[in-house]
Amino acid sequence: MGLEAREAPCDTQEPKGWLFTVTPWKAALLGPFVDFTGLGVILPLLPFFVRDTGADTFWIGAILSAQYAAVVIGSAFWGRMADFVGVRKVYLLLLVLDVIFFTLSAFCTTVESLLICRFFAGFSAIMPLGTAWISATCPPEKINTAFSFLVPSVLGGFICGSAIGATAGQLKTGIGMGDGGWFAAVMVSTLLVCVVLFIIVFGTAPPPVRKAEDEKLVPEGVKDATCTLSFFACCLTSFIGANEGGAMMVMISMVLATDGPDGFSYSQSQVSGVFVTLASVLLFSSVIFSAFLDKRTHALQRIVLLGFATVSITLLITLMMASWQSGGLWSHGDLIFVGSVIALFFFQCVMTPTAMAMASLVASNKAKNADGTIMGIQQMFMNGGQAIGPIIGGSLYTVNMYAPFLYLFGFEAVALLLNIYVFRQARKDGEVERQLFNVRKSTLGLTTTTSLPTFQSANEAEKVAAPDSQVQSNDAITPVDKVAKLGDSMWDEAYI
């Protein structure tokens with residue numbers, strides 16, 4: 001299953017929807033948006049729900065942990081199911097289940113019933129199926145861009161949900177828990193799921209009806225595809241990315257909001273401002289910076305370069321926290337800390353969609369009809385990291401200030417070494433011929449995550465694509481190219 005199987009779902013060849021037409025991989029982004037809208041709605045309201053029931057605050061963490069744990073289970077289950085009955089069918093089923101469990105959550109009046117509803121809402125999370133639908137339908141030259149758009153989709157949904165919780169939560173409907181604000185906010189998120197369900201049903205075409213004599217599609221090659229070091233590397237990268245994100249969310253609040261002398265005594269509005277700034281940087285990185293790298297690097301090359309950046313920044317943060325632990329907080333250390341975290345996430349948020357693109361490449365090149373299973377496994381790793389990240393971060397922070405950051409640095413370093421090995425093996429096997437520090441834009445789009453032939457440099461690609469009269473001379477090489485060439489020669493000498 002090579003490039004030919006990936007060329008079919010081009011935008012110009014897609015079948016029409018019943019009332020209007022939405023490109024399938026773009027429609028796949030809507031599910032994660034409403035999923036995280038639902039999560040964004042309940043997060044600010046959950047403490048008040050628990051308070052109104054008279055339950056202990058322990059239930060806040062229990063309810064969220066139950067939802068995150070269910071996502072891990074559902075990722076593998078629904079991904080496998082999609083390979084047998086079709087991604088679009090399972091995607092629609094999960095939207096219907098979201099409507100059901102969001103509605104039941106709105107009517108809950110006890111913490112036990114809410115925990116059960118949120119568990120099944122997590123089990124029905126659409127994010128894994130969104131990645132599988134993108135992997136199965138997106139043209140190869142757009143695959144990394146499509147996965148990069150998942151970050152704005154998730155962030156946008158979370159921000160939208162938080163806004164709904166803050167506004168609709170003020171409506172006193174008199175239904176459900178408290179004054180009815182919980183019911184109103186959760187039902188608004190349910191309405192958004194219904195809108196997306198309408199768009200998917202009437203805006204995307206169902207797959208063609210199979211004839212009785214047609215061979216039934218079944219997943220093939222899943223074991224050969226997933227029991228490889230390259231696939232494990234992308235899953236480990238997904239795990240540490242989500243794990244680091246979850247841990248850092250806790251660390252930001254603990255470091256900034258804790259009263260002195262152990263923290264910087266930030267107010268609630270100041271901490272919120274930091275998160276808004278962080279979200280803005282993530283949006284820029286996932287849309288602009290990710291597109292910049294996608295045109296200039298191969299996925300295996302890109303994940304190593306990004307790994308160098310994240311490991312370096314994590315090490316600097318660890319050293320800074322160790323200094324604070326032994327000698328006290330620095331003057332204006334909060335600004336340095338916030339800037340370092342923003343820099344870390346600037347690079348980290350590109351690594352996750354890159355890992356998704358690598359998993360999609362495995363699904364297309366080493367397996368057949370198995371996008372749901374393979375992407376589900378990758379998502380299971382990512383969701384597992386997200387689920388335990390806050391717990392690990394908070395627990396290690398009670399040991400000392402730098403313990404959680406030292407943990408993240410060690411994990412990042414292991415993932416980087418593994419990705420370096422995978423990249424070197426890919427170059428040795430001829431799967432990737434771009435050198436590590438070659439970040440020149442190729443005119444042929446040869447940096448995508450497909451099995452297209454690659455070249456040692458963009459100059460060689462241009463020699464194939466253009467007549468001799470149009471080929472650039474070696475004298476036209478820019479200083480940036482010379483630096484990249486020097487870096488590659490040093491890299492090869494160090495590796496040998």
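The values are calculated or read from the model by the stated rules, or taken from the named source; none is laboratory data. Remember, it's a predicted structure, so these values are computed and weren't measured experimentally. Cβ placement follows ideal geometry from the backbone for every residue including glycine, while neighbour counts extend to all protein chains displayed.
Below are the figures for this structure:
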| quantity | calculated |
| --- | --- |
| Search result, residues across the stretch 71-111 that are without any contact (Cβ under 8 Å) to a residue 60 or more places away in the chain and part of a loop (DSSP other than H, G, I, E, B) | Thr110 |
| Selection count, the stretch 61-90, where residues are surrounded by fewer than 18 Cβ atoms within 10 Å (Cβ to Cβ), under 14 Å from Pro128 (Cβ atoms) and not aliphatic (A, V, I, L, M) | 1 |
| Sole residue being of a type outside the set (Asp, Glu) and in contact (Cβ under 8 Å) with a residue 60 or more places away in the chain, chosen from Gly157, Gly122 | Gly157 |
| Hey, Leu344 in contact (Cβ under 8 Å) with a residue 24 or more places away in the chain and either assigned to a helix (DSSP H, G or I) or surrounded by fewer than 17 Cβ atoms within 10 Å (Cβ to Cβ) (or both) or not | yes |
| Sole exception among (1) of a type in the set (D, E, K, R); (2) modelled with pLDDT under 85; (3) out of contact with any Ser or Thr (no Cβ under 8 Å at 6 or more places or on another chain) for Asp429, by number | (2) |
| Unmet requirement for Val281, which otherwise passes all of (1) surrounded by fewer than 20 Cβ atoms within 10 Å (Cβ to Cβ); (2) farther than 29 Å from Ser75 by Cα | (2) |
| Residues of the stretch 6-53 satisfying the condition of being acidic (Asp, Glu) and either within 17 Å of Phe147 (Cα to Cα) or at pLDDT below 85 (or both) | Glu7, Asp11, Glu14, Asp35 |
| Test: residue in the stretch 190-206 that is surrounded by fewer than 23 Cβ atoms within 10 Å (Cβ to Cβ) and touching a Pro at 6+ places or on another chain (Cβ under 6 Å) | yes |
| Residues located in the stretch 347-389, provided they are part of a helix (DSSP H, G or I) and of a type in the set (D, E, K, R) | Lys366, Asp371 |
| Residue, farthest from Gln348 (Cα to Cα), within the stretch 273-288, restricted to residues that are in contact (Cβ under 8 Å) with a residue 60 or more places away in the chain and of a type outside the set (A, V, I, L, M, F, W, C) | Thr277 |
| Where Asp475 falls short, out of the listed (1) surrounded by 17 or more Cβ atoms within 10 Å (Cβ to Cβ); (2) at pLDDT below 50 | (1) |
| Number of positions in the stretch 238-263 that are in contact with a Ser or Thr (Cβ under 8 Å, 6 or more places away or on another chain) and either surrounded by fewer than 20 Cβ atoms within 10 Å (Cβ to Cβ) or among the β-branched types (Val, Ile, Thr) (or both) | 3 |
| Cβ-Cβ under 9 Å pairs, at least 6 apart or on other chains, the stretch 233-252 side farther than 19 Å from Ala357 by Cα, far side assigned to a helix (DSSP H, G or I) and among the charged types (D, E, K, R) | Glu244/Glu412 |
| Subset of the stretch 46-60 (residues that are surrounded by fewer than 23 Cβ atoms within 10 Å (Cβ to Cβ) and touching a residue at least 24 places away in the same chain (Cβ under 8 Å)) | Phe48, Val50, Asp52, Thr53, Ala55, Trp59 |
| Residue count, the stretch 267-318 (criterion: at pLDDT 85 or above and either hydroxyl-bearing (Ser, Thr, Tyr) or not assigned by TED's automatic domain parsing to the domain that holds Ile252 (or both)) | 7 |
| Positions within the stretch 199-228 being in contact with a strand residue (DSSP E or B) (Cβ under 8 Å, 6 or more places away or on another chain) and either in a loop (DSSP other than H, G, I, E, B) or at pLDDT below 70 (or both), in sequence order | Pro219, Gly221 |
| Considering residues of the stretch 167-179 that are modelled with pLDDT under 80 and of a type in the set (Gly, Ala, Ser) only, the residue nearest to Gly38 (Cα to Cα) | Gly176 |
| Test for Ala125: is it part of a loop (DSSP other than H, G, I, E, B), under 17 Å from the mean Cα position of the chain (by Cα) and either in the same structural domain as Ala359 (by TED's automatic domain parsing) or not charged (D, E, K, R) (or both) | yes |
| Selection count where residues are farther than 20 Å from His298 by Cα and of a type in the set (S, T, N, Q), scope the stretch 135-172 | 5 |
